[in-house]
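Below: the structure, in structure tokens.
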Amino acid sequence: MTPPGRARWAIGSLLAGGIVVNFFDRTVLSVASTPLAEEFGLSLGELGLVLAAFNWSYCLVQFPSGLLADRIGVQWLNRIAVPLWALASLLTAVASGLGLVILARLLLGVAEGPSMVGASKATAAWFPAVERGRATALFDGATKLANVLAFPVLAWVISMWGWRAGFLFTGVLSLLFAVAWWWGYREPAGHPRPRATERPEVRGGGARGANGAPGVWRGVLRSRRIWAISLGFACYGYTINVVLTWMPVFFQRQFGVALGRAGLYAMVPWLVAAVAEFAFGGWLVDRMVRGGRDAVAARRPVLLGGLALGATIGCAGWAGSPLGAVLWMSLSLGGLAVAAPVAWSLPGLLAPPHAVGAVGGLMNFANTAATTGGVLLTGWLAEITGSFGAPFVFAVTVLIAGGLLYWPALRAERSPAAHTTEVSKVFN
């Protein structure tokens, strides 16, 4: 039974668990790519098409997913979406050719489109402002934890029973989460478990749960401040996903290490990132707000400091040894992980309650578009220069641009009551 006053933390854990399952679904194809390509006789170009299919559909549904989250609520949106995660994995497990594999990955991208956007909106609805940092770090930190867990677990399953078993495993995992979501998640007003003392605590602390109406997207797209935080988030996403995608290849190509050792090297920075996110992006921010700091102003130095640490990725590209590269990558990913929950908390702090999902959708659309371009550009730069030094230095310039976008958008002089005033005007 949930302890008194802690129903919201059970909800936070449920959101985090969903993100872990979400990333297992995404990762399984990367782990299974070699045996799958061998069975279907895929060229590298065809395999690249399969690997990219998820990103295409995931990117395109981000803004519509945010609008749906505002329109029908996170509860019902995920009740529809999560079973589709399972269907996509199960379709891949029984696929007899390339066409069905691509179709299943496109379906997975559509179905998982609402996951991060919905978690951001649900966190804004369930948690008061003084707890928003830890709550956001809980679901976003799950992405880092999933990067640590998914590869060894899925590699073991696939090595034991074949690549189709990997997709069966993630399909069953998604079905189990669908049951947990159906049983465990309600919007705050309709949840039976919060005690009488918890609802006033949540509402009085600034939790912001409301569903929107048609036309919300116009207000989102007219706000310069929303565009600034969305493009700033794209700069963050560009860099962290370049590291995520290319880190194992970087260790193999740059230092000639074996795949198994490259995987071990890659785990260390993600472990550092998970710890840093909870400690600084979550606990430290909440402590500052609880101590009387403005909820948005307190986040600006944390976010900008995280981006500044993230810029040390430029040093990793010129490191003289694998251990040196691990050190710089750990510092970089630790900084980016600190910035992540701050960035994800901004829709719930800056947007009107009925537009939180739409703003999160625009942010993640920009993030995913930048990610797709960054992965391709990094491979091209590494190929023509013969090392990862140049693409990692370019990532530094992208982070500098992100800092310049965030700086005016998170102005310190704004009072708590005024945070949404400027944005709200364009919605009315």
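Just so it is clear, none of the values below were taken in a lab; they were calculated from the coordinates. This structure is a prediction, so every number in the text was calculated from the model and none was measured. Because the Cβ atoms are built from the backbone with ideal geometry, glycine has one as well, and the counts that use them run over all protein chains shown.
Numbers below:
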quantity: Acute angle (nearest 10 degrees) that the helix 389-409 long axis makes with the longest principal axis of the chain, alpha-carbon atoms; calculated: 10 degrees
quantity: Segment residue 40-residue 80, extension gain: residue separation times 0.36 nm, minus the distance between their alpha carbons; calculated: 11.2 nm
quantity: Gyration tensor (alpha-carbon) shape descriptor, segment 107-195, a/c threshold 1.5; calculated: prolate
quantity: Tail weight of P(r) past 17 Å, computed on alpha-carbon pairs of segment 265-390, percent; calculated: 66 percent
quantity: The chain - Kirkwood radius from inverse mean 1/r over Cα pairs (Å); calculated: 21.7 Å
quantity: Helix 7-40 vs. the chain, principal-axis angle (Cα, 0 to 90°, nearest 10); calculated: 20 degrees
quantity: Neighbour-count order for 296, 50, 21, fewest beta carbons within 10 angstrom listed first; calculated: 50, 296, 21
quantity: Folded to 0 to 90 degrees: helix 259-276 orientation relative to the chain principal axis, Cα; calculated: 10 degrees
quantity: Paired Rg and Dmax values of segment 1-118, which use every Cα atom, in angstrom; calculated: 16.4, 57
quantity: The chain, helix-only ellipticity at 222 nm - DSSP H runs n ≥ 4, -39,500 (n - 2.57), divided by all residues, nearest 500; calculated: -26000 deg cm²/dmol
quantity: Global size of segment 254-324 as Cα Rg and Dmax, reported in angstrom; calculated: 16.4, 51
quantity: For segment 30-181: rounded, prolate or oblate by the Cα gyration tensor [a/c cutoff 1.5]; calculated: prolate
quantity: Pair residue 384, residue 287: separation of 7 Å Cα→Cβ label points (nm); calculated: 4.7 nm
